[in-house]
Amino acid sequence: MAKIELKTAGTNLLKSGSGESVELQSLWRDKPVVLFFLRRFGCQVCRWTAAEISKLEPDLTAHGIALVGIGPEETGLKEFKEGGFFKGDLYIDEKKQCYKDLGFKRYTALSVVPAALGKKVREVTTKAKAQGIQGNFTGDLLQSGGMLIVAKGGEKVLLHFVQDSPGDYVPLEDISKALDISANVQAGERPQCNDDVCTR
């Protein structure tokens, strides 16, 4: 886990759903927070992961923990909201500065194709399709994402996860463990890989 400077990242501005600007650090000022950084709102893998993480929302709320999704652009946000994939609050990092400060890498036009065709992505897209979750290719295809879990007041980083493959995500039990809570959820079955290759 790379060392990150919460104070630096915390001053970055995000745009809320109502259009107001808020500092990232305001999200952990009064309570612990799980910050899910999506690659794209249209990304099929991101939508499936958002639905998985949302299974924890009742337990997070019961423990006074916020659940927040952050996207790198507004493209696809309306469709994402309408799809009901995520149960937390949503923000936009228009300058993608949080993504930079937290070490979420950008692919190149050459590196994104093998990454998107990899086994991990195929496994998740198979699972997403089985649940009726579709995706599209709108928006920035080169941005990767990850997760940041921060203790109340920014006292400590409880988890900092950076995607290596677009199919990487944090298992629900790892989120619960980082927060030291027990969650009564059943994670989605680990999908079996098949020959259906999807670059979403």
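Annotations for the structure displayed:
- Taking region 8-54 as the range and being without any contact (Cβ under 8 Å) to a residue 40 or more places away in the chain and surrounded by fewer than 24 Cβ atoms within 10 Å (Cβ to Cβ) as the test, the residues that pass are Thr11, Ser18, Gly19, Glu20, Ser21, Glu23, Ser26, Ser54.
- Residues located in region 132-163, provided they are under 20 Å from Phe85 (Cα atoms) and either of a type in the set (Gly, Ala, Ser) or free of Cβ contacts under 8 Å to residues at least 24 places away in the same chain (or both): Gly132, Gly135, Gly139, Ser144, Gly145, Gly146
- Taken over region 76-99, the criterion of being among the hydroxyl-bearing types (Ser, Thr, Tyr) and in contact with a Phe, Trp or Tyr (Cβ under 7 Å, 6 or more places away or on another chain) is satisfied by Tyr99 alone.
- The set of residues in region 17-51 that are in contact with a helix residue (DSSP H, G or I) (Cβ under 6 Å, 6 or more places away or on another chain), modelled with pLDDT of 95 or more and either among the polar types (S, T, N, Q) or assigned to a helix (DSSP H, G or I) (or both) comprises Leu24, Gln25, Trp48.
- Residues in region 156-187 that are out of contact with any strand residue (DSSP E or B) (no Cβ under 8 Å at 6 or more places or on another chain), over 18 Å from Val124 (Cα atoms) and either among the hydroxyl-bearing types (Ser, Thr, Tyr) or surrounded by 19 or more Cβ atoms within 10 Å (Cβ to Cβ) (or both): Ser176, Ser182, Ala183.
- First in region 169-185 and farther than 13 Å from Leu35 by Cα and part of a loop (DSSP other than H, G, I, E, B), second anywhere and of a type in the set (D, E, K, R) and open to solvent by 30 Å² or more (accessible area, probe 1.4 Å), Cβ under 7 Å, 6 or more apart: Val185/Lys55
- Conditions (1) of a type in the set (A, V, I, L, M); (2) modelled with pLDDT of 95 or more; (3) over 14 Å from Tyr99 (Cα atoms): number failed by Met1: (2)
The values are calculated or read from the model by the stated rules, or taken from the named source; none is laboratory data. Quantities reported herein were computed from a predicted structural model and do not represent experimental measurements. For neighbour counting, all protein chains shown are included, and Cβ atoms are generated from backbone atoms with ideal geometry for every residue, glycine included. Calculation scope for accessible area: heavy atoms of the full protein, side chains included, ligands and nucleic acids excluded. Shrake-Rupley method; radii C 1.70, N 1.55, O 1.52, S 1.80 Å.
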